[in-house]
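> Pasting a structure below so you can have a look.
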Amino acid sequence: ETKTVHNFVVGDLVWGPAKTCPAWPGKIIEVNGNDISVKWFGSEKLITKLGKGSLQTLTEGLDAHHHARKKCRT
């Protein structure tokens, strides 16, 4: 499976690792080369700086999340 690296821009909605959660939705607030600052939903103050390879588009992340939940139910 090949992982796609996206050209994220400020304002993009993404899915990535936040604090103790392996995957959580957030919004890009700054892009500096490969370093991307993300503000996570549900937390007014939590901002994480990540490499672009650790982020997915919101659609990709939600698809993977729903697939994993469905797999657990069966």
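The values are calculated or read from the model by the stated rules, or taken from the named source; none is laboratory data. Keep in mind that what you see is a predicted model, and the values were worked out from it rather than measured. Calculation scope for accessible area: heavy atoms of the full protein, side chains included, ligands and nucleic acids excluded. Shrake-Rupley method; radii C 1.70, N 1.55, O 1.52, S 1.80 Å.
> If you line up the long axis of helix 58-73 against the longest principal axis of the chain, both from Cα atoms, how many degrees apart are they, to the nearest 10?
On a 0 to 90 degree scale, this one is about 30.
> Please work out how much length the chain gains when fully extended from H65 to V31, using 0.36 nm per residue of separation minus the C-alpha to C-alpha distance, in nm with one decimal.
Computed gain between H65 and V31 is 9.7 nm.
> For Rg/Rh (Cα atoms, Kirkwood Rh), the listed values are (i) 0.95; (ii) 1.27; (iii) 0.99; which was obtained by calculation from the structure presented?
Given (i) 0.95; (ii) 1.27; (iii) 0.99, the calculated one carries the label (iii).
> From the phi angles alone, apply the Karplus equation (6.51, -1.76, 1.60; θ = phi - 60°) to segment 36-42 and give each ³J(HN,Hα) in whole Hz, x where the residue is Gly or Pro.
Each residue's phi maps through the Karplus curve to give 10, 9, 10, 9, 8, 5, x Hz.
> Given H placed on each backbone N at 1.01 Å, which residues far from A23 in sequence or on other chains put an amide H within less than 5 Å of it?
A18
> Would you mind working out the accessible area per residue for segment 16-65, using a 1.4 Å probe, and quoting it in Å²? Show your work: numbers first, answer last.
Numbers: 3070 Å² over 50 residues.
Spelled out: the 1.4 Å probe surface of segment 16-65, per residue, equals 61 Å².
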